1. Would you pick out the residues in region 95-139 that are within 16 Å of the ligand (Cβ to nearest atom), hydroxyl-bearing (Ser, Thr, Tyr) and assigned to a helix (DSSP H, G or I)?
2. Looking at region 37-64, I want the residues that are under 17 Å from Gly169 (Cβ atoms) and have a partner that is more than 10 Å from the ligand (Cβ to nearest atom) and open to solvent by 50 Å² or more (accessible area, probe 1.4 Å) with Cβ atoms under 7 Å, at least 6 apart or on another chain. Which pairs are those?
3. Here are some residues: Thr51, Thr29, Thr4. Which one is surrounded by 21 or more Cβ atoms within 10 Å (Cβ to Cβ) and either of a type in the set (Asp, Glu) or within 12 Å of the ligand (Cβ to nearest atom) (or both)?
4. Taking region 163-184 as the search range and keeping residues that are surrounded by fewer than 19 Cβ atoms within 10 Å (Cβ to Cβ) and among the small types (Gly, Ala, Ser), which one is farthest from Leu6 (Cα to Cα)?
5. For region 79-90, check the following and say yes or no: at least one residue is closer than 21 Å to Ala292 by Cα and either open to solvent by 70 Å² or more (accessible area, probe 1.4 Å) or not acidic (Asp, Glu) (or both).
6. What are the residues in region 276-305 that are aliphatic (A, V, I, L, M), more than 17 Å from Pro225 (Cα to Cα) and at pLDDT below 95, if any?
7. Given the conditions (1) free of Cβ contacts under 8 Å to residues at least 40 places away in the same chain; (2) more than 13 Å from the ligand (Cβ to nearest atom); (3) not in a helix (DSSP H, G or I), which single one is not true for Ala77?
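The values are calculated or read from the model by the stated rules, or taken from the named source; none is laboratory data. Computed from a predicted structure; not experimentally measured. For neighbour counting, all protein chains shown are included, and Cβ atoms are generated from backbone atoms with ideal geometry for every residue, glycine included. Just so you know, the surface numbers come from the protein's heavy atoms only, side chains and all, with ligands and any DNA or RNA stripped out. Shrake-Rupley method; radii C 1.70, N 1.55, O 1.52, S 1.80 Å.
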Amino acid sequence: MKVTVLTGGVGGAKLVLGLTTILPAHAITAIVNTGDDFVHLGLPISPDIDTLLYTLAGKSDLERGWGRGGETWSFMAAVRELGGPAWFNLGDGDLALHVLRLAAFARGESLSQVTAAFARAWSLATTILPMSDDPVATLVDTDDGRLSFQDYFVARQCAPSLRGVSFGGADTARPGPGVLDAIAGADRILIAPSNPWLSVNPILAVPGLRDAIVLAPAPVVAVSPLIAGQAVKGPTAKLMAELGLPLTNASIATHYSGLIDGLLIDAGDDAGEVAVPVARTATLMRSLEDRARVAQAALDLAGALATGAT
Ligand code: FO1
């Protein structure tokens, strides 16, 4: 059983971790959003890749969701002393990822190569594939103008009202190595409960990726990022309201229409006008058991769809 997951952000990493508790890790391939990537203080930052690396390695900060647990901040204290930018926090341990990634790029290595090297260093058997090795920058059009993703998400804490999202460089980006094979060869394809507009759409914007998923023989199941019309974390609900979308699972299903065969929603939610088969479980993922339950429920729905049982 080979499972391929489209993921970004903290919620996505939780689902992938849940999958590793119910499947052998080598059966799992994560295609990760890189639209949040940016260069800060000359360092290449890949937040969604790093969040997944930390989460699978058991090194993530469980409070924040991003960055390393048990982090120290001497570097940032020195940056502040010297009047450097303090809006984006780079922990001392986290810094190693960015410095080594910079060195790898300087040696001509790709994001996929350096990501695989990090995964090997931490003995991670899950395959972690950047959606592309070419730069794709998520840009957010707001009532404060067009903002880069981290400016919107971190510097401004998602306060500006969102009008639209675009992906700079997407039209010339190529799917990363192994990405199309991971989609075509999957027995199940999952879309994690990541922000559909900010974390999944960048992946679907890479030419050829969306079509590959549509044409893939595997059933495609998305896990709704909404619970009772609210997002667990991050700006999903606020963004949907600003786009004039009802905060419902039907809006999520419509967003993914033509792409998904089923939607996993929270046990307390009604399906409303969701046009594809739904399954339910408590989708809030606090504990490792929660992550495993949601992953299992998503796989069960995909399995039922594969056998035509639903
Ligand atoms: N998010 C914040 O809200 N504040 C930060 O200072 C911050 C630093 C940071 C450093 C490395 C990293 O991998 C992620 C970091 N994040 C921070 C989270 C990041 O902005 C988000 O994880 C993604 O871009 C959206 O999921």
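1. Of everything in region 95-139, just one residue is within 16 Å of the ligand (Cβ to nearest atom), hydroxyl-bearing (Ser, Thr, Tyr) and assigned to a helix (DSSP H, G or I), namely Thr115.
2. So the pair list comes out as Phe38/Ser148; Pro44/Leu102; Pro44/Phe105.
3. Unique residue meeting the criteria: Thr51.
4. Gly164
5. no
6. Passing the criteria: only Leu288.
7. If we test Ala77 against (1) free of Cβ contacts under 8 Å to residues at least 40 places away in the same chain; (2) more than 13 Å from the ligand (Cβ to nearest atom); (3) not in a helix (DSSP H, G or I), just (3) comes out false.
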